[in-house]
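The next block holds one structure in the form of C-alpha cells; read it before the comments.
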Amino acid sequence: EPLFVDLNTVEWGVGADMVWEGFRPLVQLSQIVPTERAPTLLIGNPDTRVTVMVRKPLWHNLVELEVRTIYTIEAGGWFALPRVTYVPRDDVRIRLGYLAIGGLAQSLIGQYAANDEVVFDVRWTF
C-alpha cells in the first residue's frame, strides 16, 4: 500500500476557556472523521481527542504553572506535560517540565510510551 494516502476527512472541534480565581483552564474536544474508505491508520475512524490545559500565574507573573494533556478516546493514547516557567526579565524565560506518555501501543501517542522525558528550555530574546 502507498505510504501517503490522499484521503478526504472532516475535522471539527469545540473548545472553551475562561479565567477562574487566577486559573486559566482551556478544554477542547476535536474529532477527525474520514469520509471515504481508508486503510488501517494510526488515527482511528473516527479519531476523537480531548485536550485540557490549565495555567496559573504566580508572583506578579514571574512564575507560571501549567499542565497540558491530551487523551485520544478511541485509541486510548495520552500524554501529560506539567511545566513551571520562570521569567526573571522580559527577554529571558526558563522552563522546566516533564513529558509523560502512555496508552496502547497501537495508538498514535501510545506507541511512544517508553519515551517519557524531562524537558528544560532557556530562551533569551535579543
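The values are calculated or read from the model by the stated rules, or taken from the named source; none is laboratory data. Remember, predicted model here, so these are calculated numbers, not experimental data. No Cβ is skipped: glycine too gets one built from the backbone with ideal geometry, and neighbour counts run over all protein chains shown. Side chains are part of the model used for accessible areas, which takes the heavy atoms of the whole protein and leaves out ligands, DNA and RNA. Shrake-Rupley method; radii C 1.70, N 1.55, O 1.52, S 1.80 Å.
Name the residue, out of L41, L62, that is at pLDDT 90 or above, loosely packed, with under 15 Cβ neighbours inside 10 Å and more than 12 Å from G13 (Cα to Cα). Unique residue meeting the criteria: L62. The residues on offer are T69, T40, and the sole one that is within 17 Å of G103 (Cα to Cα) and of a type in the set (S, T, N, Q) is T69.
Exactly one residue out of P57, P34, P2 is in contact (Cβ under 8 Å) with a residue 24 or more places away in the chain, over 15 Å from the mean Cα position of the chain (by Cα) and either open to solvent by 40 Å² or more (accessible area, probe 1.4 Å) or under 26 Å from V122 (Cβ atoms) (or both): that is P57.
Of all residues in region 78-90, those that are in contact (Cβ under 8 Å) with a residue 12 or more places away in the chain have Cβ atoms under 8 Å from Cβ atoms of residues that are open to solvent by 100 Å² or more (accessible area, probe 1.4 Å), 6 or more apart or on another chain, in W78/Y71; V87/N61. Scanning region 7-30 finds no residues that are touching a Leu at 6+ places or on another chain (Cβ under 7 Å), surrounded by 13 or more Cβ atoms within 10 Å (Cβ to Cβ) and under 19 Å from S107 (Cβ atoms).
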